[in-house]
Amino acid sequence: MEKINFPIYIIGMPFSGKSTIARILSQELEIKYVDLDHEIEQTSKQSVHQIFATNGEAYFRSLETEHLKTFSTFQGIIACGGGIVLNET
C-alpha cells in the first residue's frame, strides 16, 4: 500500500471509539498512528483525569492544542481528544 504524506485526524464525541478506529485503520492501511490523550499523559506524567482535576479544563485544552501542533506534519493517523474541536485556536 502507498504511504500517506499527511495526517489523518480522527475526531468525535468522548468515548466514541476514536482511538480504537485509529488503531484499526493504522493496521489496515499499514501506517503509524498516535493518540493525543496518550501523548499528553506520557509527557505530563499524569492521566487526563488528573490534569483536569489539578489544573482544570482550560489548561488541558492548551496542552491538547500544543500537542496537536507538534503532530501537524505527522504522516499517519491522529486520534484527537473528544474536546479538541472546542478549542478555537
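Some points to look at:
- Each residue in the range 16-32 was checked for being charged (D, E, K, R) and exposed (fewer than 12 other Cβ atoms within 10 Å of the Cβ), and 2 of them qualify.
- Within the range 24-67, the set of residues being among the basic types (K, R) and over 12 Å from the mean Cα position of the chain (by Cα) comprises K32, K45.
- Candidates in the range 27-41 are the residues that are free of Cβ contacts under 8 Å to residues at least 40 places away in the same chain and of a type in the set (D, E); of these, the one that is nearest to I78 (Cα to Cα) is E39.
- Of note, I84 does not satisfy the criterion of being modelled with pLDDT of 95 or more, surrounded by 15 or more Cβ atoms within 10 Å (Cβ to Cβ) and hydrophobic (A, V, I, L, M, F, W, C).
- Output for the range 55-79, where each listed residue is within 15 Å of K32 (Cβ to Cβ) and either among the basic types (K, R) or part of a strand (DSSP E or B) (or both): G76, I77, I78, A79
- Search result, residues across the range 42-88 that are under 19 Å from G17 (Cα atoms) and in contact (Cβ under 8 Å) with a residue 40 or more places away in the chain: G76, I77, I78, A79, C80, G81, G82, G83, I84, V85
- Residues (part of a loop (DSSP other than H, G, I, E, B), farther than 14 Å from I84 by Cα and in contact (Cβ under 8 Å) with a residue 60 or more places away in the chain) located in the range 3-26: K3, I4, N5, F6, P7
- Within the range 41-54, the residues that satisfy the criterion of being part of a helix (DSSP H, G or I) and either touching a Gly at 6+ places or on another chain (Cβ under 7 Å) or more than 18 Å from G12 (Cα to Cα) (or both) are E41, Q42, T43, S44, H49, Q50, I51, F52, A53, T54.
The values are calculated or read from the model by the stated rules, or taken from the named source; none is laboratory data. Keep in mind that this is a model prediction, so the values were computed, not measured. Glycine also receives a Cβ, built like all others from the backbone with ideal geometry; neighbour counts cover every protein chain displayed.
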